[in-house]
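What follows is a short report on a single structure.
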Amino acid sequence: MDSEISLIVTIVAKGWGDTVMDVSINAGANGGTILLGRGRGIHERQKILGINIEPEKEIVFTVTYKNNSAAILKAILQECKLEKPGKGLAFVIPIEKVVGASHILGESQGGKDG
């Protein structure tokens, strides 16, 4: 059985998390969580005075209904230019069950046991 709820995970350069959050909310999300991290990839090898720089990242978790996830993902892609190398990435994961999220998913359906 398909889940009605999805998790959108977006990984972007530090400073872009608020943009992802604003775009997500404008596209139908009710909010999200921003975590700090560091990344490493072929497009992120930078040095200053011969010292490697660890690229700082922001990871944005957005829990939403499956029927909203495509529009939110598209908005993130367009606004954050994720099609360009090194700009970040986003993906969607189905969630089997959510509890304690009535404020995120709406009072009428949040936290339902399915």
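For this structure, a couple of remarks:
- Restricting the stretch 2-44 to residues that are among the hydroxyl-bearing types (Ser, Thr, Tyr) and farther than 16 Å from CYS80 by Cβ, the residue that is modelled with the lowest pLDDT is SER3.
- The residue list GLY110, GLY106 contains one member that is at pLDDT below 60, farther than 20 Å from VAL20 by Cα and surrounded by 16 or more Cβ atoms within 10 Å (Cβ to Cβ), which is GLY110.
- Candidate set: the stretch 45-64, residues that are more than 14 Å from the chain's Cα centre (by Cα) and farther than 16 Å from ALA13 by Cα; chosen: the one modelled with the lowest pLDDT: ASN52
- Residues of the stretch 21-35 that turn out to be part of a helix (DSSP H, G or I) and under 10 Å from the mean Cα position of the chain (by Cα), as a count: 2
- Complete set of residues in the stretch 1-20 that are in contact (Cβ under 8 Å) with a residue 40 or more places away in the chain and not in a loop (DSSP other than H, G, I, E, B): ILE5, SER6, LEU7, ILE8, VAL9, THR10, ILE11, VAL12, ALA13, GLY17, THR19, VAL20
The values are calculated or read from the model by the stated rules, or taken from the named source; none is laboratory data. These numbers come from a predicted model, not from an experiment. When we count neighbours, we look across all protein chains shown, and the Cβ atoms used for this are built from the backbone with ideal geometry, even at glycine.
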